[in-house]
Amino acid sequence: MNDASASQPLQGIDHVREQFHNLHEFVSVARAKLDRNVWDYLIGGAETETTVRRNRLALDSLAFRPRVLRDVNGTDTSTTFLGRKIAMPVALAPIGSIERFDPNACVSVADAAGTFGCPMFQSSVAKPDIEQTGKVVPNGLKIFQLYVRGDQTWVEAIFDRAVKAGFGALCLTVDTHHYSRRERDISKRYHAASSRDPDASHHQKALDWAQVDKCKKKYKLPIVIKGIATAEDAKLAVEHGVDVIYVSNHGGRQLDHGAGAIDVLPEIVAAAKGKASIIIDGSFCRGTDVVKAIALGADLVCIGRLYAFGMAAAGRDGIFRVLELLHDEMTRADSRFSEHQRRIDPATLDRILDVRRKIRDRGRAARQAIERVGNVLGDPRRIELEMSDDAMQVGIGRLENLLDPVHQFHVRIAAQLAEHRRALDGLVREAVQLAKQRRTADFTHAARAPSRPRSASASRHRSSALVSARRSPSQVVHPSR
Ligand SMILES: Cc1cc2nc3c(=O)[nH]c(=O)nc-3n(C[C@H](O)[C@H](O)[C@H](O)COP(=O)(O)O)c2cc1C
C-alpha cells in the first residue's frame with residue numbers, strides 16, 4: 001500500500017515554500033546552479049528538438065469546457081494506481097544520471113515522492129544502487145526502469161534485485177535503440193562521461209516482444225513498457241499481456257519529429273480497451289496539464305524535467321515543493337470536473353485548432369513569400385534566404401529552451417512574429433529595389449502574399465509577416481505611393 005492517506009506535510013521546508021511560490025520559479029534557480037553542460041543535458045532533446053516543442057504545443061492546444069454550479073467542496077485528487085492509493089495521479093519519471101542535479105540522487109526522489117504519496121521511477125542508469133533506494137520510505141510505490149544492455153540472464157539478474165529491494169513494478173524502456181543525436185552537445189564538441197557500454201548497445205537494438213514475453217512470464221510484478229507512441233504498438237502490448245502502457249517519446253530526447261505525446265493518447269487509450277493501465281509523460285508542467293491527460297483517459301502522468309528543476313534548485317525539498325504546487329494547481333482545475341467527468345469525456349476538452357492553424361498559416365505565409373521573392377531574386381540568393389529562415393527556426397528553438405518552459409509557447413509565437421516580419425521586410429525591401437531595376441510586371445505576382453486564411457478569427461490574428469507581405473505588391477508596383 002502506498003500510504004498516501006498517511007502522508008504528512010513535510011516539516012522544516014518552510015524556507016523552500018517561502019522561496020518558491022510558482023512552479024516556474026524553480027527554472028531560473030536551477031539554471032543558475034547548473035553548469036552549462038548539465039543544463040543542456042536536462043533540457044535538451046534530439047536533433048532539431050521539434051518533438052520537445054510539440055509535446056508542449058499539443059498540451060497548449062487543448063482547452064477546457066468547464067462546468068459550473070456543482071458543489072466542489074469535496075474535491076479529492078487522490079486515486080489508485082496498481083492497487084495502491086496515491087495522493088494524486090502524478091509520478092516522477094525515470095531520469096538517468098540524476099546525481100548530476102543533486103548528489104543524493106534517487107534517495108531524494110524516493111523520499112520526496114514517498115512522503116508526498118506519489119510513485120517514483122528509478123532509472124537503471126541513476127545512482128545509488130536500487131537496494132539503497134528501496135529502503136527510503138519503504139511503503140512508497142517505486143518502479144524500476146531498465147535499459148536493456150545485456151542478454152536475458154543479465155536482465156533477470158537486475159530485475160531480481162529490484163524485486164528483492166521492494167520495487168512494486170518493473171519497467172522496460174523501449175524507445176532507445178540508439179542514443180540520439182543531442183546537437184547541443186555535439187555543437188560544443190562535448191562528450192559526457194557515460195556509463196554506456198558501446199558493446200552492449202546491440203542488446204538495446206535487438207529488444208523485441210519475445211523479450212517482453214519472457215519478463216512477463218517470469219515476474220509476478222506488473223510490467224510497464226515505456227515508450228509506446230502508436231495505437232498499433234499499444235494493441236500489441238495488450239496482446240502480450242503488458243500491465244502498464246507508458247505513452248512517451250522520451251521527452252523529445254530520442255526520435256525527432258514525433259507527435260506531441262498527448263496527441264497520441266486518445267488512440268492509445270482506445271487501442272488498450274481498458275486492458276492495461278496508461279501512463280503518459282512529455283512536457284507536463286501544470287496542474288491543468290495533468291487534468292487534461294486524465295480527462296483523455298490516462299491513469300497516471302509522469303513529470304520529468306519539471307521535478308528535476310525543483311531538485312536542482314533545492315534537492316529533495318525542491319521536489320516536494322514542486323509536488324505541492326502541482327497538487328494545488330490540480331485541485332483548483334480539477335474541482336471543475338466531477339469524478340464521472342474525469343474519465344474519457346471528449347466534451348470536457350476542446351482542441352483549439354485555431355491556435356495551431358494560426359501558427360501553421362504564419363509559417364506557411366512566410367515560407368511562401370520567401371519562395372516567391374526568392375524566385376525573382378535568383379537561385380543563389382534564394383538558397384541563402386532559405387538557409388537564413390531555417391537558421392532562424394533553429395535559433396528560436398534554442399532560445400526557447402533557455403526560457404522557462406511554462407512560458408515558451410507564448411515566447412515562441414512572439415519570436416516567430418518578430419523574426420518573420422523582419423525576414424519578410426528585408427525581402428520586400430530587396431524586392432522593391434529589384435523591381436525598380438527590372439521594372440518587371442512578373443514581380444507583382446511574385447511578391448503577392450499567399451491567399452487569405454479562411455476563418456474570420458484567423459484573419460484577425462494574421463501575422464505581421466503576412467501583413468507586410470500583403471502590403472508589398474502595391475508598394476512594389478507603385479513605389480511612389
Ligand atoms: C535528464 C533526463 C534523463 C532521462 N533519463 C531517462 C532514463 O534513464 N530512462 C528513461 O526511460 N527515460 C529517461 N528520460 C525520459 C523521462 O523519463 C521522461 O520520459 C521525460 O523526461 C518526460 O518529458 P518531460 O521531461 O518533458 O516531462 C530522461 C529525461 C531527462 C530530462
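For this structure, a couple of remarks:
- Options 42, 34, 57: the member that is buried (at least 17 other Cβ atoms within 10 Å of the Cβ), of a type outside the set (Phe, Trp, Tyr), under 24 Å from residue 142 (Cβ atoms) and in the same structural domain as residue 314 (by TED's automatic domain parsing): 42
- Selection within the range 275-303 - part of a loop (DSSP other than H, G, I, E, B) and touching a His at 6+ places or on another chain (Cβ under 9 Å): 282, 285
- Checking each residue in the range 32-46 for being touching a residue at least 12 places away in the same chain (Cβ under 8 Å), within 14 Å of the ligand (Cβ to nearest atom) and assigned to a helix (DSSP H, G or I) picks out 37, 38, 40, 41, 42, 43.
- If the condition is being on the phi < 0 side of the Ramachandran plot, outside any helix (DSSP H, G or I) and buried (at least 16 other Cβ atoms within 10 Å of the Cβ), then the range 204-239 contributes 207, 219, 221, 222, 223, 224, 225, 226, 228, 229.
- Of the residues making up the range 296-307, just one is within 11 Å of the ligand (Cβ to nearest atom) and of a type in the set (D, E, K, R), namely 305.
- Filter result (polar (S, T, N, Q), away from the ligand (no atom under 14 Å from the Cβ) and closer than 22 Å to residue 209 by Cα) within the range 239-295: 277
- Of the set (1) within 14 Å of the ligand (Cβ to nearest atom); (2) under 21 Å from the mean Cα position of the chain (by Cα); (3) not in a strand (DSSP E or B), all apply to residue 122 but (3).
- Subset of the range 1-16 (residues that are modelled with pLDDT of 85 or more, in a loop (DSSP other than H, G, I, E, B) and out of contact with any Lys or Arg (no Cβ under 9 Å at 6 or more places or on another chain)): 12
- Under the condition of being crowded, with 24+ Cβ neighbours inside 10 Å and in a helix (DSSP H, G or I), the residues counted in the range 109-119 number 5.
- Extreme residue, farthest from the ligand (Cβ to nearest atom), among residues of the range 126-150 that are aliphatic (A, V, I, L, M) and more than 21 Å from the chain's Cα centre (by Cα): 137
To keep it simple, each residue is scored yes or no on (1) in contact (Cβ under 8 Å) with a residue 12 or more places away in the chain; (2) surrounded by 18 or more Cβ atoms within 10 Å (Cβ to Cβ); (3) under 26 Å from residue 11 (Cβ atoms).
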{"site": "73", "(1), (2), (3)": "no, no, no"}
{"site": "99", "(1), (2), (3)": "yes, no, yes"}
{"site": "132", "(1), (2), (3)": "yes, no, yes"}
{"site": "137", "(1), (2), (3)": "yes, yes, yes"}
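- In the range 257-286, the residues that are farther than 14 Å from residue 62 by Cα and of a type outside the set (Gly, Ala, Ser) reach residues that are assigned to a loop (DSSP other than H, G, I, E, B) and away from the ligand (no atom under 14 Å from the Cβ) with C-beta atoms within less than 6 angstrom, at least six apart or across chains, in these pairs: 269/297; 278/299.
- Residue 83 being assigned by TED's automatic domain parsing to the domain that holds residue 258, away from the ligand (no atom under 15 Å from the Cβ) and buried (at least 21 other Cβ atoms within 10 Å of the Cβ): no
- Criterion: within 14 Å of the ligand (Cβ to nearest atom), of a type outside the set (Gly, Ala, Ser) and out of contact with any Lys or Arg (no Cβ under 9 Å at 6 or more places or on another chain) - qualifying residue of 226, 214: 226
- Extreme residue, nearest to the ligand (Cβ to nearest atom), among residues of the range 165-188 that are part of a helix (DSSP H, G or I) and without any contact (Cβ under 8 Å) to a residue 24 or more places away in the chain: 186
The values are calculated or read from the model by the stated rules, or taken from the named source; none is laboratory data. These figures come from a predicted structure and were not determined experimentally. Every residue, glycine among them, receives a Cβ derived from its backbone with ideal geometry; neighbour counts consider all protein chains shown.
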